[in-house]
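See below for the structure under consideration.
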Amino acid sequence: MIIAEASSRKHVSDPAEPIRNLCAQFSLETTPATAAKVSSFRDILREGTKVYIAFLPGSDIADTVATTIRLCREGFRSVPHIAARSLRDRKQLDETLRRMAGEAGIDEVLCIGGGVPKPVGDFSDSMQMLETGLFDRYGIRRIGVAGHPEGSPDISDSAIASALAWKNAFAQRTGAELYVLTQFCFEAAPIIAWDRKIRAAGNRLPIRIGVPGLATIKTLAAYARACGIGASATFVLKQAKNITKLMALSTPDKLIADLAAYKAADRDCGIVGCHMYPFGGLKKTAAWGYAVADGKFDLDGNGGFRVTADLA
């Protein structure tokens with residue numbers, strides 16, 4: 001599928017077009033705690049926007065289910081995180097998927113291992129969940145899996161490579177529509193090198209790149225409070241270097257522009273879109289993403305661009 005999409009690309013005369021294309025179907029995410037503070041997502045997001053519901057360590061899966069149902073009823077495409085290491089057993093996974101599919105009508109999830117050091121139940125990784133056949137039972141054929149362009153503090157590089165190879169094989173033998181959604185990144189060069197490396201190793205799953213949204217110290221602090229002290233501490237310890245980078249970032253325009261140029265130039269590029277991590281700044285991040293998708297920006301001559309729309 002990636003090759004077919006890539007082979008149809010033409011020479012681009014408008015340098016802004018690849019940027020618009022990369023952001024055309026961008027997605028965002030929220031947490032149940034953050035969602036509880038939003039009176040109506042219709043005031044922030046356009047109908048049909050894909051919204052992932054993050055599952056943080058120590059969270060209650062019932063809150064994820066409730067938020068998934070709410071977002072679908074408000075007119076959005078809910079994509080809940082299903083964290084293997086935070087589930088008790090197959091029965092709980094079955095009940096969770098039954099409710100999400102039955103009451104929200106979802107057909108897509110993000111399967112992750114989860115950030116807890118020790119599994120609370122029978123599952124230790126996302127592959128064990130995929131093998132249950134429960135996703136197929138409930139009509140959930142489109143499944144995101146985690147991608148790590150810059151590695152992971154929890155998993156060795158060899159284990160990450162083995163898991164990706166397994167997921168490619170799983171997609172081929174089952175017909176499930178798997179894709180990769182990555183952790184948030186700040187520079188294009190490591191992402192491009194990673195895409196080429198995993199492509200050479202046999203990856204054929206489409207990739208959606210994680211992009212840091214428009215966060216301020218204030219929104220990050222609010223996000224941390226909403227996540228809870230335990231989850232926030234874990235996040236800070238694992239992402240200390242990235243948080244420092246985040247504070248120095250005003251917008252991710254250079255990252256997006258570089259990735260868009262790569263996607264337009266390389267016929268075999270695996271990147272198909274981007275996913276924005278708002279870190280509490282959902283409204284402004286969404287407004288910025290829509291402006292880029294609508295082409296409301298000017299190229300700045302330094303490899304980036306500046307949005308011209310009012311984000312207030």
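The values are calculated or read from the model by the stated rules, or taken from the named source; none is laboratory data. None of the values given here were measured: they were computed from a predicted structure. Cβ: placed from backbone, ideal geometry, glycine included. Neighbour counts: every protein chain shown.
Values for this structure:
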item	result
Of residues in segment 4-37 being surrounded by 18 or more Cβ atoms within 10 Å (Cβ to Cβ) and in a loop (DSSP other than H, G, I, E, B), the one modelled with the lowest pLDDT	T31
Listing of helices (runs of 4 or more DSSP H) fully contained in segment 220-312 that carry 3 or more residues being buried (at least 17 other Cβ atoms within 10 Å of the Cβ), modelled with pLDDT of 95 or more and over 18 Å from the mean Cα position of the chain (by Cα)	253-265
Residues that are closer than 12 Å to T64 by Cα and out of contact with any Leu (no Cβ under 9 Å at 6 or more places or on another chain), drawn from segment 87-108	R99, M100
Selected residue [touching a residue at least 24 places away in the same chain (Cβ under 8 Å) and more than 27 Å from L22 (Cβ to Cβ)] from L97, L178	L97
Residue match in segment 131-141 (condition: buried (at least 16 other Cβ atoms within 10 Å of the Cβ), under 30 Å from S162 (Cβ atoms) and polar (S, T, N, Q))	no
Answer residue from segment 62-91, given it is of a type in the set (A, V, I, L, M) and more than 21 Å from Q183 (Cα to Cα) and is surrounded by the fewest Cβ atoms within 10 Å (Cβ to Cβ) among those	A62
Test set (1) surrounded by 19 or more Cβ atoms within 10 Å (Cβ to Cβ); (2) within 28 Å of T96 (Cβ to Cβ) - P117 fails condition number	(1)
Sole exception among (1) closer than 24 Å to D89 by Cα; (2) part of a strand (DSSP E or B) for Q183, by number	(1)
Filtered residue count, segment 153-188, keeping only those that are over 22 Å from C274 (Cβ atoms) and hydroxyl-bearing (S, T, Y)	4
Answer from V120, V145, V109 - the residue that is out of contact with any strand residue (DSSP E or B) (no Cβ under 8 Å at 6 or more places or on another chain), among the β-branched types (V, I, T) and either in a loop (DSSP other than H, G, I, E, B) or within 22 Å of I53 (Cα to Cα) (or both)	V120
Complete set of residues in segment 166-215 that are of a type in the set (A, V, I, L, M), farther than 27 Å from Q128 by Cβ and buried (at least 16 other Cβ atoms within 10 Å of the Cβ)	A188, I191, I192, V211, L214, A215
